[in-house]
Amino acid sequence: MSAGPREPIHQDPGLQPERTVMSWGRTTLALCVAALVFLRWLPHYGAGILAMVVLAMAAAGGIYATQRRRYARSSWGIRSELLHADVVAVLSVSALVLGLGVTGILVVLGP
């Protein structure tokens, strides 16, 4: 066995899987920052804000937990020329943002 360089997982000169993973990483970071901003609102709007914090952190954790699988699937898709968009992930994040917005409106407007 030789200890030479490993063969790349895919032959994509634009490194599309890496760009996608970085984008999901930025989304994770944005959700964590939003959760911290929500915590600053806790004294003003009460415990209802905690629902927003939990929702944002759960989404960030879910994205983080699926990063490795998402990268492997994307790399395999490029290598086998069968890459498909991850519609479920995009729709899930869209629903999350909508849910955070509605929850925020309900918390701010109060009972």
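For the condition polar (S, T, N, Q), surrounded by 17 or more Cβ atoms within 10 Å (Cβ to Cβ) and modelled with pLDDT under 85, Ser80 does not qualify. The residues of region 45-69 that are out of contact with any helix residue (DSSP H, G or I) (no Cβ under 7 Å at 6 or more places or on another chain), at pLDDT below 90 and either open to solvent by 30 Å² or more (accessible area, probe 1.4 Å) or closer than 22 Å to Val88 by Cβ (or both), listed by number, are Ala47, Thr66, Arg68, Arg69.
Determine, yes or no, whether Ala47 is outside any helix (DSSP H, G or I), without any contact (Cβ under 8 Å) to a residue 24 or more places away in the chain, within 19 Å of Arg26 (Cβ to Cβ) and of a type outside the set (Val, Ile, Thr). For Ala47, the condition - outside any helix (DSSP H, G or I), without any contact (Cβ under 8 Å) to a residue 24 or more places away in the chain, within 19 Å of Arg26 (Cβ to Cβ) and of a type outside the set (Val, Ile, Thr) - is not met. Ser75 satisfies every condition listed in (1) farther than 22 Å from Ala56 by Cβ; (2) out of contact with any Pro (no Cβ under 8 Å at 6 or more places or on another chain) except (2). Going through (1) in contact (Cβ under 8 Å) with a residue 24 or more places away in the chain; (2) under 24 Å from Gly110 (Cα atoms) one by one, Thr28 falls short only on (2). Of the set (1) part of a loop (DSSP other than H, G, I, E, B); (2) modelled with pLDDT of 80 or more; (3) of a type in the set (D, E, K, R), all apply to Glu7 but (2).
The values are calculated or read from the model by the stated rules, or taken from the named source; none is laboratory data. All values reported here derive from a predicted model rather than from experimental measurement. As a convention, Cβ positions derive from the backbone with ideal geometry for all residues, glycine included, and neighbour counts pool all protein chains shown. Surface accessibility is based on the protein's heavy atoms, side chains included, excluding ligands, DNA and RNA. Shrake-Rupley method; radii C 1.70, N 1.55, O 1.52, S 1.80 Å.
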